[in-house]
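Read the structure below first, then the notes.
The values are calculated or read from the model by the stated rules, or taken from the named source; none is laboratory data. A quick note: this is a predicted structure, and the numbers were derived from the prediction, not measured. With ideal geometry, Cβ positions are generated from the backbone for all residues, glycine too; neighbour counts draw on all protein chains shown.
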Amino acid sequence: MSTETESTPPLEQHLEGLHRLHRGKVRDIFAVDRTQMLLVATDRVSAFDVVLPQRLEGKGKWLTSLSEFWFDQTSAIIDNHVLETDVHKMPDAIKQHAALLEGRSMLVRKATPLKAEFIVRGYVAGSGWKDYQKTGAICGHQMPAGLKECDKLPEPILTPSTKAPVGEHDENISVAQLAHLIGPGLASQAGAIALALFEHAQAHCAARGILLADTKFEFGLIEDKLTLIDEVFTPDSSRYWSAADYEPGRNQDSYDKQIIRDALEATDWNKQAPGPELSAEIMSKALARYEEIHSLITGQPR
């Protein structure tokens, strides 16, 4: 159980009437009843699988709003777990904390999560670029020779990973290992849907001057039916770039938390908890990127 002090933000302290089942890197999960849970997006920031000591005020609301938008946009491709996003229409135990939870909470159906994360990559970036430099492949997918950093791939690829506990690092696995982990039928079905979701979002973003470089999905089973869960296409799970500024051969300026990753990479931090504190300027720029990508994707003003 985590220790709560006077410095703990109110949202992350004990909420009367709500039982916290799990505290993740960014999201907290609360029990509602036998078939429902409450997902709350806090303002915590994680990088390299470590929760950083600072918070981005309001970040959880941008994440929730974007997920809500994308869950609606992709509902024709796959069912999702969302039941309600208006706290005033949720059970009384939740409504009593409306001031804290409004805009950052989703009432969802309980699911049995698959034991893997589904990462889809459309460009050679991040850990994929590092892998390519060493092996000429990305997570086991052989790539053409001569690709530059952030080049577009011939086609999107699925690069699944394990799901590590908070504070530990996810590990990339092959598609064959994925099939062994969750079964070949589920692996094939979820993998195909992950690619379809990615291509759908890429098209939506391209029409708005945005390049979706890569993203991460989580799936679960609800009454044995594959369902999209957790978050979807947020800046915490996705890498977004400006199409107008895109230039292969260098790292791109991202509409996501890459500014935080880059700042951390410039330190001598060993990527173990606790993380270092970053400047107010870096944190402010990061929050502005969350706000900007939300506006560009949804068409809503900042």
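One residue stands out among those in the stretch 174-192 that are touching a Gly at 6+ places or on another chain (Cβ under 9 Å) and under 16 Å from LYS216 (Cα atoms): the one that is surrounded by the fewest Cβ atoms within 10 Å (Cβ to Cβ), which is SER174.
Cβ-Cβ distances below 8 Å connect no pair with a first residue in the stretch 273-289 that is farther than 20 Å from VAL50 by Cα and modelled with pLDDT of 95 or more, a second residue that is among the aliphatic types (A, V, I, L, M) and assigned to a helix (DSSP H, G or I), and a separation of six or more residues or different chains. Could you list, in sequence order, all residues of the stretch 87-99 that are closer than 16 Å to PRO10 by Cα and crowded, with 17+ Cβ neighbours inside 10 Å? The answer is ILE94, HIS97.
Helices (runs of 4 or more DSSP H) fully within the stretch 111-213 that include at least 1 residues being among the β-branched types (Val, Ile, Thr), at pLDDT 95 or above and closer than 29 Å to HIS294 by Cβ: 184-206.
Out of curiosity, is GLY103 in a loop (DSSP other than H, G, I, E, B), surrounded by fewer than 21 Cβ atoms within 10 Å (Cβ to Cβ) and in contact with a Ser or Thr (Cβ under 7 Å, 6 or more places away or on another chain)? The answer is yes for GLY103. Applying a threshold of 6 Å to beta carbon distances and a minimum spacing of six or more residues, or different chains, the list of pairs starting in the stretch 197-219 at a residue that is surrounded by fewer than 20 Cβ atoms within 10 Å (Cβ to Cβ) and ending at one that is in a helix (DSSP H, G or I) and not polar (S, T, N, Q) reads ARG208/LEU296. Taking the stretch 67-83 only, how many residues are touching a strand residue (DSSP E or B) at 6+ places or on another chain (Cβ under 9 Å), under 15 Å from GLY103 (Cα atoms) and in a helix (DSSP H, G or I)? Going through the stretch 67-83 one residue at a time, the tally reaches 2.
Would you confirm, using the coordinates I've provided, whether TYR246 is within 17 Å of GLY126 (Cβ to Cβ), outside any strand (DSSP E or B), touching a residue at least 24 places away in the same chain (Cβ under 8 Å) and of a type in the set (Ser, Thr, Tyr)?
On the way: within 17 Å of GLY126 (Cβ to Cβ): yes; outside any strand (DSSP E or B): yes; touching a residue at least 24 places away in the same chain (Cβ under 8 Å): yes; of a type in the set (Ser, Thr, Tyr): yes.
Against the criterion (within 17 Å of GLY126 (Cβ to Cβ), outside any strand (DSSP E or B), touching a residue at least 24 places away in the same chain (Cβ under 8 Å) and of a type in the set (Ser, Thr, Tyr)), TYR246 qualifies.
Scanning the stretch 32-52 for residues that are over 14 Å from the mean Cα position of the chain (by Cα) and part of a loop (DSSP other than H, G, I, E, B) turns up VAL32, ASP33, ARG34, THR35.
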